[in-house]
Amino acid sequence: MISTRSGSHRLHTLIAATVVAAGAVTGAAGAATAAPAAPTVYTGAVPYSPTLTVTPGFACFAVINATKLPQTRAMDYRVKVQISRFGANCGAFKLAVNWRNLTTGGHDGQIQTVRPDGSIEGFPDNILDGFGFAPGAGRVESTITTYSKYDESGDIKLPNLPGRATFSLY
């Protein structure tokens with residue numbers, strides 16, 4: 001059992017390094033086997049790469065799997081998020097879904113609170129929608145990242161490997 005503050009910090013650092021290393025190995029394996037492909041125009045469901053992150057709490061981390069759902073409105077999209085939490089006394093954190101329209105250059109996103117149980121505050125079934133003025137038609141790159149705090153006094157990014165997806169909107 002770790003009883004010192006510095007011991008707890010070392011454990012948190014070890015977990016962060018493990019999450020980053022696991023993601024690097026996974027990414028390297030994927031890069032070695034993936035052949036370059038021409039981008040395709042597809043407006044259906046598109047999975048994000050997993051987001052791996054350390055979260056507040058004792059030895060806490062999360063794996064965030066997300067999918068861009070098929071379009072229901074022109075120039076807009078929705079994201080279904082599944083969050084698996086690991087550790088003891090894991091606390092709330094912020095989840096950011098950002099987008100950049102590669103065709104028009106526009107960019108925006110949203111930040112929501114993830115409760116300790118893995119649900120997203122204010123979004124039934126963990127389906128995020130309402131991305132501001134929407135990305136608009138074109139090729140869109142979207143990322144998912146995490147913060148421990150995000151407000152007017154600044155943001156504190158959690159150690160994470162962001163999830164990514166690229167898709168087209170009509």
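General remarks:
- Selection of strands (runs of 3 or more DSSP E) fully inside segment 55-170 by the criterion of at least 3 residues being within 25 Å of residue 44 (Cα to Cα) returns 58-68, 79-88, 93-101, 107-114, 138-151, 163-169.
- Leading residue by the ranking (most open to solvent (accessible area, probe 1.4 Å)) among those in segment 82-113 that are in contact with a helix residue (DSSP H, G or I) (Cβ under 9 Å, 6 or more places away or on another chain) and closer than 28 Å to residue 168 by Cβ: 82
- Residues in segment 51-69 that are among the polar types (S, T, N, Q) and either within 11 Å of the chain's Cα centre (by Cα) or open to solvent by 40 Å² or more (accessible area, probe 1.4 Å) (or both): 51, 53, 65, 67.
The values are calculated or read from the model by the stated rules, or taken from the named source; none is laboratory data. Note that the structure is predicted; figures quoted are calculated from it, not measured. Cβ coordinates were reconstructed from backbone atoms using ideal geometry, including for glycine residues, and neighbour counts include every protein chain displayed. Just so you know, the surface numbers come from the protein's heavy atoms only, side chains and all, with ligands and any DNA or RNA stripped out. Shrake-Rupley method; radii C 1.70, N 1.55, O 1.52, S 1.80 Å.
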